[in-house]
Amino acid sequence: MSDLKDLYQEVILDHNKSPRNFKELCDSNRKANGYNPLCGDKVTVFLKVEDGAVADVTFVGSGCAISTASASLMTESVKGKSLDEIELLFQGFRDLVTGKPVEYTELGKLEVFQGVSEFPVRVKCATLVWHTLQAALANTGEATTTE
Ligand code: ZN
């Protein structure tokens with residue numbers, strides 16, 4: 001189990017050091033900003049939504065290791081997925097980081113955030129980008145905050 005924890009930690013550190021899809025998306029058609037005042041994490045999510053699916057997704061921002069790694073892994077996880085699948089992913093991810101039983105079995109790499117459930121103050125760091133993703137999908141144009 002401690003080996004698994006080390007592996008999870010390694011993945012998170014790696015995604016924090018070299019975040020994937022970390023750039024603005026020039027041909028995006030949805031965008032939202034998120035802010036977690038508790039930690040100071042800021043994120044902007046860019047989406048290209050086509051035919052009910054996320055054709056492309058990127059992010060920019062600054063924050064703690066958990067929020068950056070979560071944003072990076074979120075972009076990898078939702079790219080190419082339908083909006084319905086993304087809703088299930090978010091639900092599963094939220095259950096995982098809040099320590100609830102996870103019904104959704106397709107979390108893949110997102111499972112590295114399992115340990116977050118032991119640190120309730122970090123839950124908002126991990127979920128910020130997902131709330132921001134949701135806001136971008138809803139296209140409300142308003143800033144999202146975890147409060
Ligand atoms: Zn944070």
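A straight Cα-to-Cα reach below 25 Å connects Lys81 with the lysines Lys23, Lys31, Lys42, Lys48, Lys100, Lys109, Lys124, residues fewer than 8 places away in its own chain not being considered.
Using heavy atoms of the protein chains and a probe of 1.4 Å, the accessible area assigned to Thr44 is about 20 Å².
The residues of the chain expose on average 52 square angstrom of accessible surface per residue, using a 1.4 Å probe on protein heavy atoms.
A 1.4 Å probe, protein heavy atoms only, puts the accessible area of Lys109 near 120 Å². Think of the chain as a dipole: +1 on every Lys or Arg Cβ, -1 on every Asp or Glu Cβ, centred on the Cα centre; then among Gly61, Ala138, His15, Gly61 lies furthest on the positive end.
Ordered from largest to smallest accessible area (heavy atoms of protein chains, 1.4 Å probe), the residues Ser67, Ser62 come out as Ser62, Ser67. Across the accessible surface of the chain, with the other protein chains kept in place and a 1.4 Å probe, carbon and sulfur atoms take up 50 percent. Taking Leu88, Leu73, Leu133 as the candidate residues, the one with maximal mean-square fluctuation in a Gaussian network model of the chain, Cα springs under 10 Å, is Leu88.
The values are calculated or read from the model by the stated rules, or taken from the named source; none is laboratory data. All values reported here derive from a predicted model rather than from experimental measurement. In this analysis, Cβ positions are derived from the backbone assuming ideal geometry, glycine residues included, and neighbour counts consider all displayed protein chains. Areas reflect the complete protein model, heavy atoms only, side chains present, ligands, DNA and RNA absent. Shrake-Rupley method; radii C 1.70, N 1.55, O 1.52, S 1.80 Å.
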